[in-house]
Amino acid sequence: MNNSVTNTARLLGAGLRALLVLTLVTGVIYPLVVTGIAQGLFNDKANGSEIEADGKVVGSSLIGQSYDLPLKKGQDTPDPDLKWFQGRPAGGLGENSINTQYKLILSGATNLSADNKDLVQQVEDAKAAVVKDNSVPGYTVNSSEIPADAVTSSGSGLDPAISPKYAELQVHRVAAKNGLPVGRVEQLVEDHTQGRTLGFMGEPRVNVLELNIALKDLASAR
């Protein structure tokens, strides 16, 4: 009987020591080491690739955001604020109905097939909106000029970038809305166009948030 109690106590003691050691190693030491390496070598990425403007964080270079006018009474969807460059349509899975306080966006595609009637109608509506919104006096958008990323959402629905072609399509409208020379806004797009990663992966792109921050600075210095 005494041996059984002694063995049980010994096993419990060994288990408790193992628990404490593993908790210390995996729950304290390992996270601190990984965090230290990440902060030291990849500080920007470790902190979420944050973008700052006017001394405060305004977003992430990895996550797209909307540039809309305040929601009007009776509206379900706000109108885009056309003085800003617009990103891709965010037609993914929609709003997170669980977290209504922060209205988080779920990451995901529409999962609709290319011949789905709803998707075809969404694309046609988006195409008509692009033509209407971006046609200004002296410049008319032709529907055949509209790139795919202007009327379709990305696989995640949170793409932070657009194609240079879509950015250029918006130049005249943005210039007119902000009272800026077209050439200066074109130069802004060119300055913020990123090439393919490592020269061969992906496609040239323009980060919309970074472009709009530069646009704000340019408009303010007018």
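FYI, it's all coordinate maths here, none of it is from the lab. Please read these numbers as outputs of a predicted model, since none were measured by experiment. Here the Cβ is made from the backbone with ideal geometry for all residues, glycine too, and neighbour counts use every protein chain on show.
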query = What is the set of long-range amide H partners of Ile51 at a cut-off below 5 Å, with H atoms built 1.01 Å from backbone N?
reply = Val58, Gly59, Ser60, Ser61
Whole-Hz couplings from phi, Karplus 6.51/-1.76/1.60, listed for segment 163-177; x for Gly and Pro = 6, x, 5, 5, 5, 5, 4, 8, 4, 4, 5, 5, 4, 5, 5
Per-residue ³J(HN,Hα) for segment 199-215, Karplus 6.51 cos²θ - 1.76 cosθ + 1.60, θ = phi - 60°, Hz, x for Gly and Pro = x, 9, 9, x, 10, x, 8, 10, 6, 5, 5, 4, 5, 5, 5, 5, 5
task = Pull up all non-local amide H partners of Asp68: gap of 5 or more, or a different chain, and H-to-H distance under 5 Å with H placed in the peptide plane.
result = Asp81
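If you take the C-alpha gyration tensor of the chain, multiply each eigenvalue by 5 and take the square root, what semi-axes do you get, largest first, in whole Å? Before the final figure, lay out the partial values.
Details: eigenvalues 485, 104, 57 Å².
Those come to 49, 23, 17 Å.
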remark   = For segment 42-48, in residue order, the Karplus 3J(HN,Hα) values (coefficients 6.51, -1.76, 1.60; θ = phi - 60°; whole Hz; Gly and Pro = x) are 9, 4, 5, 5, 5, 9, x
query = Taking Lys45 as the anchor, which lysines have their alpha carbon closer than 26 Å to its alpha carbon, excluding any fewer than eight residues away along the same chain?
reply = Lys56, Lys103, Lys216
remark   = With bins of 5 Å, the percent of all Cα-Cα pairs of segment 1-47 per bin from 0 is 5, 20, 13, 12, 11, 9, 9, 6, 6, 4, 4, 2, 0
inquiry  = Can you compute the modelled spin-label distance between Gln187 and Asp217, with each label point 7 Å from Cα toward Cβ, in nm?
reply    = 1.4 nm
task = Taking H placed 1.01 Å from N in the peptide plane, check which residues at least 5 places from His192 or on another chain put their amide H under 5 Å from its amide H.
result = none
